[in-house]
Amino acid sequence: MITSERFLMLTGTVPNGILMFYLILAGSRTVKGRIEIDRERCKGCGLCIVVCPKKQIEISDTLNTKGYYPATFQEAEGSDAEIKKCTGCALCAVTCPDIAIEVYRQEKDQAKETKEEPKED
């Protein structure tokens, strides 16, 4: 498996805009996110796996209709779920050459409000 450090060594560069975008979002703890990967568009190149800071993306065990093993998003579960949750940084979507990843962001305060049901007196 190629780690993100190894990828940077191989390519020798990181686009400044992407790095700055990630650093700004990484400092903000008010955003949570999720991604959706289009299985039929994905060719399983693995670039999204390399750049994901939370390591939530992996290659699927099943083939798509084109004969590729596409990437899949794994929701965080267990005791370390809060640490591993997707931040919505969009590094995977920016890196994807097939434009197969959609990123959805939601502030944590908004997420709590939508989960709470209005109380009737």
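The values are calculated or read from the model by the stated rules, or taken from the named source; none is laboratory data. Source: prediction; values computed, not measured. As a convention, Cβ positions derive from the backbone with ideal geometry for all residues, glycine included, and neighbour counts pool all protein chains shown.
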Output yes when any residue across the stretch 24-45 is at pLDDT 70 or above and of a type in the set (Ser, Thr, Tyr), and no when none is.
no
Residue count, the stretch 53-80 (criterion: touching a Phe, Trp or Tyr at 6+ places or on another chain (Cβ under 9 Å) and closer than 11 Å to CYS92 by Cα):
3
